[in-house]
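The values are calculated or read from the model by the stated rules, or taken from the named source; none is laboratory data. Just so it is clear, the model here is predicted, and its values are computed rather than measured. Quick reminder, even Gly has a Cβ in these numbers, built from the backbone with ideal geometry, and neighbours come from all protein chains shown. The accessibility values were calculated without ligands, DNA or RNA, using every heavy atom of the protein model including side chains. Shrake-Rupley method; radii C 1.70, N 1.55, O 1.52, S 1.80 Å.
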Amino acid sequence: EPEVTQTPSHQVTQMGQEVILRCVPISNHLYFYWYRQILGQKVEFLVSFYNNEISEKSEIFDDQFSVERPDGSNFTLKIRSTKLEDSAMYFCASINDNSYEQYFGPGTRLTVT
Amino acid sequence: AQTVTQSQPEMSVQEAETVTLSCTYDTSESDYYLFWYKQPPSRQMILVIRQEAYKQQNATENRFSVNFQKAAKSFSLKISDSQLGDAAMYFCALEGAGSYQLTFGKGTKLSVIP
């Protein structure tokens, strides 16, 4: 069964550093998403991406965040200058054009020290 | 704006018994979808069950079923014959038909007592 993959599974970085979280969505999916879950809290929507552009973004998704689909398979989330409060689990999800069910990746645990 | 409320931060159930997790929601959209996700300690998000708002029939997946009350904007999850592997965080989520963006509740931590 096809699945969404994410790398790395755990990333540790120092405050102020840039990080790139990578996702490979399911191959025939067209909509891509990033969600964030701070430890002990609910999952929060960050951004959605369709047709090579952002379709929606939340208030959390400020100028320090960016997303990109650099090739036909990867979907990345970049945080330019990490803060302590960016420590969270980051989930990528994808959906195809004929369904509404989002398929989640296993997540990347980001720890900012 | 969409909101999802789970009023039970924690629940427990005896193994083999039945438990119901509550969820209420609010949305201005006429067409939407509702989900229950399970999150074990690994923190992977696993889809348990889904319900299309336009369907009156309650969804069922093996031991998992929902009670969808559209007028009351309620979407509860019933787990029958609870198993130790059911212990996890359970999140209720709402997706508007127009945006596909998921709005999650705060979750209910379910413990299963042997």
With the full set of protein chains present, the residues of the range B:86-114 whose 1.4 Å probe accessible area falls by 40 Å² or more relative to the chain alone are B:100, B:101, B:102, B:104
What translational diffusion coefficient, to the nearest whole µm²/s, does chain B have by Stokes-Einstein, given a Kirkwood radius computed over alpha-carbon pairs, a temperature of 25 °C and 0.890 mPa s viscosity?
174 µm²/s
Taking all protein chains in place and a 1.4 Å probe, what share, in percent, of the accessible surface of chain B do carbon and sulfur account for?
46 percent
In Å², rounded to a whole number, the accessible area per residue of the range A:36-113 with probe 1.4 Å is 47 Å²
The range A:37-111 - percent of accessible surface contributed by carbon and sulfur, probe 1.4 Å:
42 percent
With θ set to phi - 60°, apply the Karplus curve 6.51 cos²θ - 1.76 cosθ + 1.60 along the range A:75-80 and write out the HN-Hα couplings as whole Hz, x wherever there is a Gly or Pro.
9, 10, 10, 10, 10, 6
How many Å² of accessible area per residue for chain B, probe 1.4 Å?
48 Å²
Scalar couplings 3J(HN,Hα) for the range A:2-11 by Karplus 6.51 cos²θ - 1.76 cosθ + 1.60 (θ = phi - 60°), nearest whole Hz, x for Gly and Pro, are x, 9, 7, 10, 9, 9, x, 7, 9, 10
Normalised by the residues of the range B:6-114, what does the relative contact order come to in percent, with Cα pairs under 8 Å and at least six apart?
38 percent
Label-point separation, residue A:22 to residue B:12 (7 Å along Cα→Cβ), nm:
4.5 nm
Determine the alpha carbon to alpha carbon distance for each of A:83/B:70; B:55/B:106; B:73/B:109 and list only those over 32 Å.
A:83/B:70
Buried accessible area for the B:A pair, summed, 1.4 Å probe, in Å² rounded to 100?
2000 Å²
Charges at C-beta only: +1 for Lys and Arg, -1 for Asp and Glu. How large is the resulting dipole of chain B about its Cα centre, in Debye rounded to 20?
100 debye
Would you mind pulling out the separation of the Cα centroids of the range A:1-69 and the range B:46-114, in Å?
24 Å
Dimensionless Rg/Rh of chain A - Kirkwood Rh, Rg from C-alpha atoms
0.94
